[in-house]
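Asks: Handing you this structure, nothing more for now.
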Amino acid sequence: MISVYRDWFLAARPWSFTMTAISVSVGGALAALDGAFSWPLYLLTLIGTVLMHAASNLINDYDDVRQGVDDPKVPTARYRPHPLMEGRLTPRQVRLTAYALYLFAAAIGIFLAATRGMAVLWLGIVGTAAGISYTAPPLNYKYKALGEFSVFLMWGPLMVCGAYYVQAQAASRDALLVSIP
């Protein structure tokens, strides 16, 4: 039983969630400097974005394996465990779990949109579309030299400004400027 949890834990790639935590925390900290911060809103934002990140990681692995990008001969197989490629999880399990994680994130997003503003819903839709389209056809822009640019947009302006917006219910020029390296 423990090995099943281990496989899902590894498939979600939790070591990458620090990117999400940093972006959401920067947006929250900037809102706090402007006098608008709520721990419950921060935690909901963090949980929702981490769920989306985990779902996107699963979809990425699903599509990479399906399209032959990840196989036992590529560096990915050597630098990290890959439960899908190793056959410990099935493609169907990974795809359905990714969709379930997106649904849980959507529930949080809908609550935040209802309480903080519809901009949250649109940011979530953009984030979800970007996460799925990263490797999924027809866009699969990771394979078209646009992956790094997307990562910049998602973990930079989208998450930092989105986290700020959830707290302050306003856009922030400072959040935008800080989100750009």
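Nothing in this text is a laboratory measurement; each read-out follows from the coordinates by a stated rule. All figures in this text were calculated on a predicted structure; none of them were measured in a lab. Positions of Cβ are generated from backbone atoms using ideal geometry, with glycine treated the same way; all protein chains shown enter the neighbour counts.
Asks: Go ahead and set up a Gaussian network model of the chain, Cα springs under 10 Å, then flag whichever of L43, L84, L58 fluctuates most.
Replies: The residue that fluctuates most here is L43.
Asks: Please name whichever of A36, P157, P91 sits farthest to the positive end of the charge dipole of the chain, dipole taken about the Cα centre and charges placed at Cβ: Lys and Arg +1, Asp and Glu -1.
Replies: P91
Asks: What's the FRET efficiency of F149 with I47 using the Cβ-Cβ distance as r and R₀ = 25 Å, to the nearest 0.05?
Replies: Values: r = 27 Å, r/R0 = 1.07.
My answer for the efficiency is 0.40.
Asks: Between rounded, prolate and oblate, where does segment 96-141 land on the alpha carbon gyration tensor, with a ≥ b ≥ c its root eigenvalues, rounded for a/c under 1.5, else prolate if a/b exceeds b/c? Mind dumping the intermediate values first?
Replies: Numbers: a/c = 4.90, a/b = 1.68, b/c = 2.92.
Here segment 96-141 falls in the oblate category.
Asks: Let me ask something additional. Run the numbers on segment 2-178 and let me know its relative contact order in percent, using alpha-carbon pairs under 8 Å that are six or more apart. Present the calculation step by step, with values, prior to reporting the outcome.
Replies: Values: 208 pairs, mean separation 56.9, N = 177.
With pairs under 8 Å counted, the relative contact order is 32 percent.
Asks: Still on this structure, please answer the following. Just the number, please: Stokes-Einstein D of the chain in µm²/s, Kirkwood Rh from C-alpha pairs, 4 °C, 1.567 mPa s. Write out the running numbers ahead of the final one.
Replies: On the way: Rh = 16.9 Å.
Value of D from the Cα-based Kirkwood radius: 77 µm²/s.
Asks: Report the extension gain between T18 and I110 in nm, rounded to one decimal, defined as 0.36 nm multiplied by the number of residues separating them, less their alpha carbon distance. Mind dumping the intermediate values first?
Replies: Details: separation 92, 0.36 × 92 = 33.12 nm, distance 2.39 nm.
Gain in length upon complete extension: 30.7 nm.
Asks: Turning to a different aspect of this structure: Residue by residue, what Karplus-based ³J(HN,Hα) values in Hz, rounded to whole numbers, does segment 123-136 have, using 6.51, -1.76 and 1.60 with θ = phi - 60° and x for Gly and Pro?
Replies: 4, x, 5, 4, x, 5, 4, 5, x, 6, 6, 3, 10, 7
Asks: Moving on. Dipole size in debye (nearest 20) for the chain around its Cα centre, Lys and Arg Cβ +1, Asp and Glu Cβ -1?
Replies: Working: 13 positive and 10 negative charges, 54 e Å.
The calculation lands at about 260 debye.
Asks: Can you work out the Karplus-derived ³J(HN,Hα) for every residue in segment 168-174? Use 6.51 cos²θ - 1.76 cosθ + 1.60 with θ = phi - 60°, whole Hz, and x for glycine or proline.
Replies: The phi angles translate into 9, 6, 7, 7, 9, 5, 4 Hz.
Asks: A further question follows. How do Y141, Y164, Y134 rank when sorted from fewest to most other Cβ atoms within 10 Å of their own Cβ?
Replies: Details: Y141 15, Y164 29, Y134 23.
Taking fewest neighbouring Cβ atoms as first place, the list is Y141, Y134, Y164.
Asks: In sequence order, what are the phi-derived ³J(HN,Hα) couplings for segment 68-79 according to the Karplus relation 6.51 cos²θ - 1.76 cosθ + 1.60 with θ = phi - 60°, rounded to whole Hz, with x for glycine and proline?
Replies: x, 6, 9, 8, x, 8, 8, x, 3, 5, 9, 8
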